[in-house]
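After the structure tokens below, expect a handful of questions from me.
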Amino acid sequence: MEKFVIRGGNPLQGDVNIGGAKNAAVAILPATILAADKCLIENLPCISDVMASLQILSELGASIRMVSRSTYEIDTTHIISTEVSNELSRQMRASYYFLGALLGRFGAGQVAMPGGCNLGPRPIDQHLKAFAALGAEDSVEYGQIHVKAGSLTGSHVFFDTVSVGATMNAMLAAVLAKGTTVLENVAREPHIVDLANFLNMMGADVRGAGTDVIKIHGVQKLHGCDYSVIPDQIEAGSYMVGAAITKGDVTLHNVIPKHMEPITAKLRAAGCEIWEYDDALRIRRTGELCALKIKTMPHPGFPTDMQPLMTTLLSLAKGTSIVTEGIWENRFRYVDELIHMGANIRVDGQVAVIEGVQELHPAPLRATDLRAGAAMVMAALAANGVSEIDETIHIERGYENIVEKLQQLGADIRRVEIPAHAASRAM
Ligand code: EPU
């Protein structure tokens, strides 16, 4: 086990390269199954969720060749198994995308109930509703979800709730189905568009991604292709908050400024200066932070995955901020950690009321989940003195080389191995 040791107080300054989007990569990798061919996937982030997805593909029978740290060649021609092993499926939420991809190609798939961050109940009824509309049956036995279909036929699905996962899974299952599928009330996140672009590069006919209706004309066969994953909107947003909270000046490279708009709008309103270039963004904060009202919503609203980071930033803003979580039931668990640092935050259900304080104090901290963990890192960078963050495994699931990237920006942060006996005492 590892922890991060951070001596806060240094402003983040300089340049940082943003990696590929985790939430696009974890859908695109299973989607390669549908090609039954060779795909070259570039700009994959080097994070544990991507490594787990590659391992699942390999266990199913795909051949994987590492071309560089961020590029892999995946040949899914000889996949023989449709069952994802328990241990790997429980490691990450996104293992559910193997259900859609395996169902689409083989008419059957099995994964264990997926793991991932604990943000409250995470049902998959909308995924199963879409599979059922296409003609599949599902069953859950001993924590395993099985889906199977004699054949899949295009259908009309109106989702009861806007779900990123259900939208992507329905796309995966529908591209090889007979006839036309219409998906309504779908998610519109940049990673939905990225998956659609990847499927289309493989020969699929997916239209409307990025709007709330997606139309898919089923095709008989897909083929391999070369594809580069979009940059990670949330990784970029996290470094922007890092610059803002430390009164820094950071230029982010390999970003799509358009994808950042919901985040840049709020950071500007909080008092940051932001410059947009073709594939870069510069953010600087010199003055005081202003209080804000934020409600998280599906894209193009403010992303829930930035909520812990923005709440942390606003804990230092002048005045009263209100942050409402509109997606997850339980995404304020990290607030207790900020309170230990001297923040003044009250949480009532889905709403956090934040009275800005002058400074945060160093403290022993815990990464309660991926984004909360990133928020703790940014809080510790702002606090004068040494903070230690435990359970950083959650952070490494989604942020490639976070320690090295922050060091490059001038942060005093170290990854420290916790000896096994000390780790077991801490648990
Ligand atoms: N929901 C249902 N039924 C379903 C599916 C979702 O009721 O069948 C509800 C959920 O309970 C939630 C809402 O719909 O209240 C939205 O859930 P969604 O399905 O959109 O979330 P997800 O696909 O499980 C992805 C990201 C999350 C991100 C959300 C929202 C991946 C692997 N995860 O989760 O990312 O918070 O979309 O944008 O893509 C993260 O990266 O830290 C993270 C948690």
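If you add up the charges near Gly342, with Lys and Arg at +1 and Asp and Glu at -1, over every other residue whose beta carbon is less than 14 angstrom from its beta carbon, what do you get?
It works out to a net charge of -4.
Provide the gained length on full extension for the span Gln220 to Ser139, in nm with one decimal, where the gain is 0.36 nm per separating residue minus the Cα-Cα distance.
Here the answer is 26.4 nm.
When only C-alpha pairs under 8 Å and at least 6 residues apart count, what is the relative contact order of the chain, in percent?
Relative contact order, the chain: 21 percent.
Calculate how steeply helix 370-382 sits against the longest principal axis of the alpha-carbon atoms of the chain, using the helix alpha-carbon long axis, and give the answer as 0 to 90 degrees to the nearest 10.
That helix lies at roughly 20 degrees to the long axis.
Under a crude label model (7 Å from the Cα following the beta-carbon direction), how far is Thr286 from Asp205 in nanometres?
Using points 7 Å along Cα→Cβ, the separation is 5.7 nm.
When the chain is treated as a GNM, springs tying every alpha-carbon pair under 10 Å, which of Val157, Val416, Val186 comes out with the largest mean-square fluctuation?
Of the options given, Val416 has the highest mean-square fluctuation.
May I ask for the distance between the Cα centers of region 1-41 and region 152-189, given as a whole number of Å?
Here the answer is 26 Å between Cα centres.
Residues of the chain: accessible area per residue at 1.4 Å, in Å²?
About 39 Å² of surface per residue is accessible.
Taking the Cβ-Cβ separation of Val213 and Arg122 as r and a Förster radius of 35 Å, what is the calculated FRET efficiency to the nearest 0.05?
Result of the calculation: an efficiency of 0.90.
Using a/c under 1.5 as the rounded threshold, could you call region 22-228 rounded, prolate or oblate? The axes a ≥ b ≥ c are square roots of the C-alpha gyration tensor eigenvalues, and prolate needs a/b larger than b/c, oblate otherwise.
Judged from the Cα gyration tensor, region 22-228 comes out rounded (a/c under 1.5).
Additional query: Using Cα springs under 10 Å in a Gaussian network model of the chain, which residue among Pro231, Pro11, Pro262 shows the largest mean-square fluctuation?
Pro262
Enter the angle in degrees (range 0 to 90, nearest 10) between the Cα long axis of helix 164-174 and the first principal axis of the Cα atoms of the chain, meaning the one along which they spread out most.
Between helix and principal axis, roughly 20 degrees.
Can I ask one more? Going by accessible area, probe 1.4 Å, with all protein chains left in place, what is the ranking of Thr392, Thr320, largest first?
Largest accessible area first, the list is Thr320, Thr392.
Do you know the relative contact order of region 22-228, to the nearest whole percent, from alpha carbon pairs under 8 angstrom that are 6+ apart?
21 percent
Pop out the carbon and sulfur fraction of the accessible area of the chain as a percent, whole number, probe 1.4 Å.
Accessible surface attributable to carbon and sulfur in the chain totals 49 percent.
I've got another one for you. Jot down the per residue volume, in cubic angstrom and as a whole number, of the convex hull over the alpha-carbon atoms of the chain.
In the chain, the Cα convex hull volume per residue is 130 Å³.
Considering the chain as a Gaussian network with a 10 Å cut-off on Cα pairs, which listed residue, Ala269, Ala383, Ala374, attains the greatest mean-square fluctuation?
Between Ala269, Ala383, Ala374, it is Ala269 that shows the largest mean-square fluctuation.
Just in region 258-349: which chymotrypsin sites (Phe, Trp or Tyr not before Pro) are loop by DSSP and have at most 16 other Cβ atoms within 10 Å?
Listed in order of number, the matching sites are Tyr277.
Tell me the angle of helix 97-106 to the major Cα principal axis of the chain, expressed in degrees between 0 and 90 and rounded to the nearest ten.
Computed tilt is about 10 degrees.
Points 7 angstrom from Cα along the Cβ direction at Asn17 and Leu40: gap in nanometres?
1.8 nm
Could you check the spin-label model distance between Ser68 and Asp336? Points 7 Å from the Cα along Cα→Cβ, value in nm.
4.5 nm
Could I ask something else about it? What value, in deg cm²/dmol to 500, does the helix sum -39500 (n - 2.57) over DSSP H runs of n ≥ 4 give at 222 nm once divided by the residues of the chain?
Result for the chain, helices only: -9000 deg cm²/dmol.
Report the FRET efficiency, 1/(1 + (r/R0)^6), for Glu273 and Ile80, where r is their Cβ-Cβ distance and R0 is 51 Å, rounded to 0.05.
E(calc), rounded to 0.05, equals 0.40.
With a Förster radius of 56 Å, plug the Cβ-Cβ distance of Glu355 and Thr153 into 1/(1 + (r/R0)^6) and report the FRET value to the nearest 0.05.
0.50
Further, regarding this structure: Between Met51 and Lys293, what length comes free when the chain is fully extended (0.36 nm per residue of separation minus the Cα-Cα distance, one decimal in nm)?
Once the chain is fully extended between Met51 and Lys293, it gains 83.4 nm.
Counting Lys +1, Arg +1, Asp -1, Glu -1, what net charge surrounds Val157 among other residues with beta carbon under 9 Å of its beta carbon?
0
How much accessible area does Asp226 have with a 1.4 Å probe, in Å² rounded to the nearest 10?
90 Å²
So what's the net charge close to Ile216: Lys and Arg +1, Asp and Glu -1, counting the other residues with Cβ under 11 Å from its Cβ?
+1
OK, next. As an exercise, identify the chymotrypsin sites (Phe, Trp or Tyr not before Pro) in region 88-191 lying in DSSP coil whose Cβ has no more than 10 other Cβ atoms within 10 Å.
Qualifying residues, ordered by number: Tyr142.
The values are calculated or read from the model by the stated rules, or taken from the named source; none is laboratory data. Bear in mind the structure is a predicted one, so any value in this text is a computation, not a measurement. Using ideal geometry, Cβ is built from the backbone for each residue, glycine included, and neighbour counts are taken over all protein chains shown. Side chains included, ligands, DNA and RNA excluded: accessible areas come from the protein's heavy atoms. Shrake-Rupley method; radii C 1.70, N 1.55, O 1.52, S 1.80 Å.
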